[in-house]
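Have a look at the structure below before the remarks.
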Amino acid sequence: MAFARTKLLIWDYIFEPVKDINISYMGPHPENFYASVKDLIKAVFNVPDAYVQEKTYNWEKGKESEKFEIEWEVNKILDTFSYITVELTLKGFSAGGEGKADIRIRPRLITEYPQDTVWQQNLIYEMFRRFWHTRFYTRKRLEYLNYAKELLVSFETSVKKYAEKLRKDGA
């Protein structure tokens, strides 16, 4: 991640043309997804706690029911210029041990080029940067896209396996 005031951003959605992955679950104990998703984020994406931000945490608990909504943002740094960012949302409710959970996953590959200094704003620099980007770095970004797809498919499969396990154990 380039930390700069002014930067050129290039966004790539991991799965084109689909921008979001949605997983729905109806069955016993959907509230257990919170701990499971949190553990899967660390295991699959292999990022330290500092790169996982819990942006929203809302858990309403009544006598017989629970309602929850949690949002995470995960950043996996790949090199100086590129990183994968994944926004995850878990929403659901539970009443009497049964309920529903919806998980929404929004992954992106982001490349940032800082443009703070006079040299970085220079036309000659921009010409060299564009040449380097098209000749060399585009290949690397395609590798990163494939890597991100593998990570997301692994995460999605793990969540689905947990849902099946929860359905089997809870019934």
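Here are the numbers:
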item: 11 Å beta-carbon shell around Ser65, net charge (K/R +1, D/E -1); result: -2
item: Surrounding net charge for Phe93, when Lys and Arg each add one and Asp and Glu each subtract one, Cβ distance under 13 Å; result: -3
item: Net lengthening on full extension, Asn46/Leu9 (0.36 nm per residue, minus Cα-Cα); result: 10.9 nm
item: Extended-chain gain in nm, criterion 0.36 nm per residue less alpha-carbon gap, Lys55 and Lys91; result: 11.6 nm
item: Accessible carbon and sulfur surface of segment 42-85 relative to its total accessible area, %, 1.4 Å; result: 43
item: Magnitude of the charge dipole, the chain, Cβ model with Lys/Arg +1 and Asp/Glu -1, debye to 20; result: 460
item: Cα convex hull volume per residue for the chain (Å³); result: 112
item: Given the chain, longest segment not containing exposed loop chymotrypsin sites (Phe, Trp or Tyr not before Pro) (DSSP; at most 16 other Cβ within 10 Å); result: 16-118
item: Dipole axis of segment 84-164 (+1 Lys, Arg; -1 Asp, Glu on Cβ), positive-most option in Thr138, Leu152, Gly99; result: Thr138
item: Probe 1.4 Å, accessible area per residue of segment 57-171, Å²; result: 58
item: Surface/4 estimate of mean projected area, convex hull on alpha-carbon atoms of segment 1-100, nm²; result: 8.0
item: Three-way shape call for segment 53-151 based on the alpha-carbon gyration tensor, with the a/c threshold at 1.5; result: prolate
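The values are calculated or read from the model by the stated rules, or taken from the named source; none is laboratory data. It should be emphasised that the depicted structure is a prediction, and the values quoted were computed from it without experimental measurement. Positions of Cβ are generated from backbone atoms using ideal geometry, with glycine treated the same way; all protein chains shown enter the neighbour counts. Ligands, DNA and RNA are excluded from the accessible area calculation, which covers all protein heavy atoms including side chains. Shrake-Rupley method; radii C 1.70, N 1.55, O 1.52, S 1.80 Å.
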